[in-house]
Amino acid sequence: MVCGKVEVTRSVVRKPDRMNEQPKAVALISGGLDSMLAARTMLDQGVHVEGINFFTGFCVEGHTHAIRKRDKARPKRNNALWVAEQLGIKLHIVDVIEQYKDVVLNPKHGYGANLNPCLDCKGFMVHKAEEWRAQHGFDFIVTGEVIGQRPMSQRRDTMPVVAQESGAGDRLLRPLCAQLLPETLPEREGWVDRTRLHNFSGRSRKPQIQLAGQFGIDDYAQPAGGCCFLTDQAYAEKLHDLWAARGERDYELDDIMLLKVGRHLRPRPHFKIIMGREEGENRFLEGYRKQFMSMVPISHPGPLVLIDGELSDDDIELAARLAARYSQGRDAERVTFELTRQGRSRELDVTPYPANDIPREWIL
Amino acid sequence: MDSVSHHSLDARNLLCPMPVIRTQEAVADLVPGEILTVRCTDPGALSDVPAWCRINGHEIVTTERNDDEINITIKVGA
Ligand code: SF4
């Protein structure tokens, strides 16, 4: 396998005039526990640490919690910002939406279980961090990676791939598993003490939870599946559907944001409807009414509906009948909607679609 | 009397963390002491923009919330 043979480039040794300066590291902060512990391990060794976080558009961050009521119990916070605040470090959030498209659409190393191009994604993020490091005169990069933690991007044989393809070479330090990996520049230069780094490996979370305990960290975001929606099967299916319907693999930020929200139904290949499942989602979809044809039931309470596609009158009626099924008028004879297209509105009266007649494959 | 320049940023209809990213970009062009008002609609900004300010050393002067809009006024720190 090619991955195992990748040579990691060695960086030039630090200049003597910097000998007495505090070493500076930029840490990738996802908002989860591992990157928090990696950064904390560096702070403990007297390193100046600043965090960097990348917004790809697929992140499972704050906004989805803000939208959906079912997440009410969870704190409405951006976990990366929260982690930075707990650690007392600065955090730079970088918009990489445009550049990230190529990672999602053309991953050199392919996808994981769903549409998650984890290995390319890691390489991309470390590469962006390396660019930032060089621009800001920092010495090295820190990630919370652990050998064997994730099947695709965090394996012993993929660790050097990330280091090499990102261009970070041996300026990339993984404090949580560094003792199991070859020495890196920060260790050789004595900026950090290798004996006080860690040797975590495998999928067990125990060592991390124990280390968190030692640091007195008792509140952290629970790691769930992955850090982004691309690992989510239902989300990946909706993205595949979007590409199939459009006849091309591409997306804009609005597309991928809308896939995070609402109930999506595609009754015909050329159109789909998106319905808010509760108030927060309706409010979110409201913001898109200028871009899409939309409907709201006026005879009964019910969802705000966005319609994506070019529709005939029959299609519009079908869309309204389906939406009526998800309104509180589902058992009524008729449900009246206000249909708005390009700023012009009209009323539409329909019979709700019978629940059992909605083909399963329409529901995305 | 010193005049402090007051800037405004329209981050309406952007979802978090975009208002924070736009705030960060706007603040990068300002000097300490200048004032920036961020207009946004995502309630997430109510926690994220102040959190970003706290960790990066900027001061929140006021936070106003109307029906649909949130105005967060920031004094740029050193
Ligand atoms: S889960 Fe998503 S953000 Fe995390 S490494 Fe994989 S593709 Fe990247």
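The values are calculated or read from the model by the stated rules, or taken from the named source; none is laboratory data. Note that the structure is a prediction, hence the values are computed from the model and not measured. Here the Cβ positions follow ideal geometry from the backbone for every residue, glycine too, while neighbour counts run over all protein chains shown. Please note that ligands, DNA and RNA were not included when accessible areas were found on the heavy atoms of the full protein model with its side chains. Shrake-Rupley method; radii C 1.70, N 1.55, O 1.52, S 1.80 Å.
Of the trypsin sites (Lys or Arg not before Pro) found in segment B:1-68, no site is in coil according to DSSP while having at most 14 other Cβ atoms within 10 Å of its Cβ. Among beta bridges from DSSP that stay inside segment A:24-229, the antiparallel ones total about 10%. In this Cβ point-charge picture (+1 for Lys and Arg, -1 for Asp and Glu), chain A has a dipole of about 780 debye about its Cα centre. If I compute solvent accessible area with a 1.4 Å probe over the protein chains, what percent of it on chain A is carbon and sulfur? The C+S portion of the solvent-accessible surface of chain A is 47 percent.
Exposure check, 1.4 Å probe, all protein chains in place: A:Cys227 carries approximately 90 Å² of accessible surface. Per the accessible-area calculation with a 1.4 Å probe, the total area buried between chain A and chain B rounds to 1600 Å². Taken per residue, the accessible surface of the protein assembly as shown reaches 47 Å², heavy atoms only and a 1.4 Å probe. Shape call for segment A:230-299 from the C-alpha gyration tensor, a ≥ b ≥ c root eigenvalues: rounded (a/c under 1.5), prolate (a/b greater than b/c) or oblate? Judged from the Cα gyration tensor, segment A:230-299 comes out prolate (a/c at least 1.5, a/b above b/c).
With an a/c value of 1.5 or above and a/b larger than b/c for the gyration tensor axes a ≥ b ≥ c computed over the alpha-carbon atoms, chain B is described as prolate.
In plain terms, if you count all Cα to Cα distances in segment A:116-209 and split them into 10 Å steps from zero, the share in each step is 17, 50, 31, 3 percent. Remark: spin-label model distance A:Ile363-A:Glu347 equals 3.2 nm, labels positioned 7 Å along the Cα→Cβ axis.
Using the Cα gyration tensor of segment A:261-362, with a ≥ b ≥ c the square roots of its eigenvalues, what is the shape: rounded (a/c below 1.5), prolate (a/b larger than b/c) or oblate (neither)? Because its axes are fairly even, with a/c under 1.5, segment A:261-362 counts as rounded. Along the charge dipole of the protein assembly as shown, which of A:Pro207, A:Phe229, A:Ile97 sits closest to the positive end, that is, farthest toward it, with unit charges on the beta carbon of Lys, Arg, Asp and Glu (+1, +1, -1, -1)? Farthest along the dipole direction, towards plus: A:Pro207. At an R0 of 51 angstrom, the distance between the Cβ atoms of A:Val96 and A:Ala332 translates into a FRET efficiency of 0.60. Across A:Ser166, B:Ser47, B:Ser8, the residue with the most accessible area heads the list, and the full order at a 1.4 Å probe is B:Ser8, B:Ser47, A:Ser166. Mean residue ellipticity at 222 nm, helices only, chain B: -9000 deg cm²/dmol; runs of at least 4 DSSP H residues each add -39,500 (n - 2.57), and the sum is divided by the number of residues.
In chain B, Cα pairs under 8 Å separated by at least six residues give a relative contact order of 34 percent. In a fully extended conformation the segment linking B:Asn71 and B:Leu30 would gain 12.9 nm over its present Cα-Cα distance, using 0.36 nm per residue. Kirkwood radius and radius of gyration were both taken over the C-alpha atoms of chain A, and their ratio Rg/Rh is 1.07. Using a simple spin-label model with pseudo-atoms 7 Å out from Cα toward Cβ, A:Arg155 and A:His48 lie 4.0 nm apart.
With the simple model of a label 7 Å out from the Cα in the direction of the Cβ, A:Gln233 to A:Glu183 spans 4.7 nm.
A simple charge model with +1 on the Cβ of Lys and Arg, -1 on the Cβ of Asp and Glu and nothing else charged puts the dipole of segment A:24-229 at about 800 debye relative to its Cα centre. Note on chain B: dipole from Cβ charges, positive end direction compared against B:Ser3, B:Gly57, B:Ile70; the farthest Cα belongs to B:Gly57. Of the GluC sites (Glu not before Pro) found in segment A:288-364, those in coil by DSSP whose Cβ has at most 11 other Cβ atoms within 10 Å are A:Glu310, A:Glu333.
The value of relative contact order for segment A:261-362, using C-alpha pairs under 8 Å at least six residues apart, is 25 percent. Each Cα pair under 8 Å and six or more residues apart adds its sequence gap; the mean of these over the residue count of chain A is a relative contact order of 16 percent.
Think of the protein assembly as shown as having a plus end and a minus end, set by charges on the Cβ of Lys, Arg, Asp and Glu; of A:Ile273, B:Pro17, A:Asn356, A:Asn356 sits farthest toward the positive end of this dipole.
Measuring against 32 Å, Cα to Cα, the residue pairs A:Lys24/A:Lys122; A:Lys128/A:Lys238; A:Lys101/A:Lys272; A:Lys122/A:Lys206; A:Lys101/A:Lys290; A:Lys238/B:Lys75 contain A:Lys238/B:Lys75 as the ones spanning a longer distance. Could you work out how far the C-alpha centroid of segment A:119-183 sits from that of segment A:231-306, in angstrom? Taking the Cα centre of segment A:231-306 as reference, the centre of segment A:119-183 is 36 Å away.
Within segment B:1-70, the GluC sites (Glu not before Pro) that combine a DSSP coil assignment with at most 14 other C-beta atoms in a 10 angstrom radius are B:Glu69.
By a 1.4 Å probe calculation restricted to protein chains, A:Met275 has an accessible surface near 0 Å², given to the nearest 10. Computing FRET efficiency as 1/(1 + (r/R0)^6) for A:Asp219 and A:Trp243, where r is the C-beta to C-beta distance and R0 is 30 Å, gives about 0.15. Computed with a 1.4 Å probe over protein heavy atoms only, the accessible area of B:Ile72 comes to about 0 Å². Of the residues B:Ile70, A:Ile298, ranked by 1.4 Å probe accessible area with the largest first, the sequence reads A:Ile298, B:Ile70. For the set A:Asp313, B:Asp48, the ranking by accessible area, highest first and with no ligand, DNA or RNA atoms included, is A:Asp313, B:Asp48 under a 1.4 Å probe.
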